[in-house]
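The values are calculated or read from the model by the stated rules, or taken from the named source; none is laboratory data. Keep in mind that what you see is a predicted model, and the values were worked out from it rather than measured. Cβ sites come from the backbone with ideal geometry, for glycine too, and all protein chains shown count toward neighbours.
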Amino acid sequence: MRLRTVAFSSLRRRASRAAFLVVGLLLGVGTVVTLLTLSSALTVQAQNSLETYGANIVVAPRSDGLSLSYGGVTLGGVAVGARDLREADLARIRTIPNRKNIAIVAPELLGPVRVNGRPALLMGVRPKDEFALKRWWTVAGRPPSNGHELVAGSSAAAALGLARGDRVTIGGRSFTVTGVLRPTGSQDDDLLIADLGTAQTILGRPGKVTMVQVAALCSNCPVEKIVAQLGTVLPDAKVTAMQDKVKNRMHAIGQFRTFSYIVAGVIIAIEALVVFVTMMGSVNARTREIGIFRALGFRRGHVTGLILIEAFVASLLAGVLGYLAGMGVSYALLPFLAGDGVSIAWAPGLAGAAVALAMAIGALASLYPALHASRLDPTVALRAL
């Protein structure tokens, strides 16, 4: 009689105990699969959200000098050879090998103007891209939608006496103030924000931009690689990665992923304990049976192998069912935890890991009960017959 035949027969005769073991493992493996799958999907969503929340790459005109300023305080210095960028050249950004990692490209043109006889700073933007990039901007009103509208920063509005709905003339053009930025605590408060094409005409710099802010998704590509590719397609520009933003975002994502792993580890430990207790109970309940096997000539290794085969079969079944259950629960929960655009992929690697995890838990948690069963004295077991 082969060990596996005896093991399968034992599982059939004790179907309820075997089912309890399978269900226990299934719940643990399914929970881990659900946790890791959802955390992976939510991590990608969080990373993409963080990386589109403000620029992490700045494209500016190449200069031969240093700007001696920091934190909005200018200490002096002369930039030699600085020149505007050409708006037409920005189309090259979408041609780089990692173009799929480029989320937002927001060109900006800055220049001085006079409003009601007072100096002001005009910034021309593509409103849709600029307001998508700077999501922290809150407008009392709405962003400009055409070349005859603008939004005023809070400080600029206060200094120039502007309010929502006012009309103002800049460079011979009439504008309607469609909104006022709520205070940001930055230099954005000093701006008058209008359509890029209109600003180019007023400032006499058609087809030009002062700088470009880029939001790049760096989940599967180092930001330095994207910077190098942008530098290749824009040789006359200086491309700089804002390393502090990139590192802060990656640190936040890393903490979220670490938390998921810790929770998964706790679940695995609890599951191993459940299997251990179940298998020990099974061994203690089968003292007579094991005694008979020993009396029939089963060696200790045979008894150990018998218990481990039973645990192996139950673990294999629990691993497969746990993966399927975990993926099913993930699909059911994802719409409630994330918005549109987030998907779950059936990963063969995760399926293999789920099965391997179940088998590892089953084997390790059953090892001591199997060794304990092999050490039972057959004479003591047979006296109870």
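What the table below lists for this structure:
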item: Residue within the range 369-377 that is modelled with pLDDT of 80 or more, within 29 Å of residue 284 (Cβ to Cβ), touching a Leu at 6+ places or on another chain (Cβ under 9 Å) and buried (at least 18 other Cβ atoms within 10 Å of the Cβ) present; result: no
item: Residues being at pLDDT below 90 and assigned to a loop (DSSP other than H, G, I, E, B) - total across the range 215-234; result: 6
item: First in the range 280-308 and surrounded by fewer than 17 Cβ atoms within 10 Å (Cβ to Cβ), second anywhere and part of a loop (DSSP other than H, G, I, E, B) and at pLDDT below 70, Cβ under 6 Å, 6 or more apart; result: 288/384
item: The one condition in (1) under 32 Å from the mean Cα position of the chain (by Cα); (2) among the hydroxyl-bearing types (Ser, Thr, Tyr); (3) under 25 Å from residue 90 (Cβ atoms) that residue 138 fails to fulfil; result: (3)
